[in-house]
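The numbers here are math on the coordinates, done by the rules we state, and not lab data. None of these values were measured; they are calculated from a predicted model. Positions of Cβ are backbone-derived with ideal geometry, glycine not excepted, and every protein chain shown enters the neighbour counts.
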Amino acid sequence: MKIGFIGIGAISEHVITGLIQTGGFDEIVVVSERSSHRSARLADRFTNVEVEPDNQTIVDRVDVVFVATLPEQTLELLDTLSFRQDQVIVSMAAIVSVEQIAEKVHPASRIHRLIPMPPNELGVGPIPIYPSCPDLAALLSQIGTVIPVEDQQQFSTFSASSALMATLFELVATNARWLESKGVAAEIASQYSTALFHSLATQSKELRAEELRTLSTDCLTAGGLNEQVLNATRDAGWYKELEAELDKILDRISS
Ligand SMILES: NC(=O)c1ccc[n+]([C@@H]2O[C@H](COP(=O)([O-])OP(=O)(O)OC[C@H]3O[C@@H](n4cnc5c(N)ncnc54)[C@H](OP(=O)(O)O)[C@@H]3O)[C@@H](O)[C@H]2O)c1
């Protein structure tokens, strides 16, 4: 399978690095030149990455075209390109629908949307794909857990849910900063905080929401330390606010 990427920003760099370094993908990966510091870095690191300044040449050379430009750039970019019927187009752009892309890439009709994440570089993390596709799932399962989605509205809910990443990082960072403020060396504070959250995420892997709630009450000693923080944050409305914000994100994506 010959693959190419147009739009070499943050997320493409994570996905390409994951595919090659973690997934062992060893066929040619043709990448667009912009942003040149990233495309040059990928070509420096991996012998099978080729930088191509002309987007149409990328399309002409590959079977699967990954498009990872910003949502507002994507349709404009597709307007400038011609596709073959046998090609697969995979868009990572949030908000842009399969129908909007289909209008631009005719006669190609195999169009998919993905929500990759930075940790896919390390071979972990969910990758919702709409509509599902066994060939792409086989490729992408090298860098994460492929979640097939059969309904575009539901795809949007996964998109909204992925907006929690920065909040989690802030939680880990707040914990580390607080340790530092109490005199713990910065390196140890970050070691402790990241190991704590990593272990909890590992322990909770694939548990259902109800099972997670049990886990949360299991680690509570009645009247103990965890209970105090959970009750305080619940009373302050943290979790209701989080759900309300996810609703707002979903509205933003859907409109
Ligand atoms: N970052 C994430 O974690 C993440 C996760 C899932 C999905 N996404 C989606 O992925 C897309 C890219 O996100 P990002 O964070 O990687 O953004 P980004 O870092 O801004 O990357 C966008 C890239 O597209 C390039 N570009 C724009 N127009 C182009 C054109 N006509 N030809 C070739 N390259 C062009 C830009 O080059 P210049 O720098 O030269 O303008 C830039 O390198 C977005 O639609 C976003 O919604 C991102």
- prompt: Roughly how large, in nm² to one decimal, is the mean projection of the convex hull of the alpha-carbon atoms in the chain?
  reply: 15.8
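What is the local net charge at Ile20, summed over the other residues whose Cβ is closer than 13 Å to its Cβ (Lys, Arg +1; Asp, Glu -1)? Kindly include the intermediate steps, with their values, before the conclusion.
Details: positive: Arg41, Arg45; negative: Glu13, Asp26, Glu27, Asp44, Glu50, Glu121.
It works out to a net charge of -4.
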CD proxy at 222 nm, helix term only [per DSSP H run n ≥ 4: -39500 (n - 2.57); per residue of the chain; nearest 500]: -15500 deg cm²/dmol
message: How big is region 119-255 along each principal axis, measuring the range of its Cα positions in Å and listing the largest first?
response: 50, 32, 28
task: Calculate the length of the line joining the C-alpha centroid of region 149-209 to that of region 1-74, in whole Å.
output: 28
field: Relative contact order (%) - criterion: Cα under 8 Å, at least six apart; region: the chain
entry: 14
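Highest mean first, what order results for 167-175, 27-35, 15-23 on Cβ atoms within 10 Å?
Details: 167-175: 12.6, 27-35: 18.6, 15-23: 21.6.
Going from most to least packed, we get 15-23, 27-35, 167-175.
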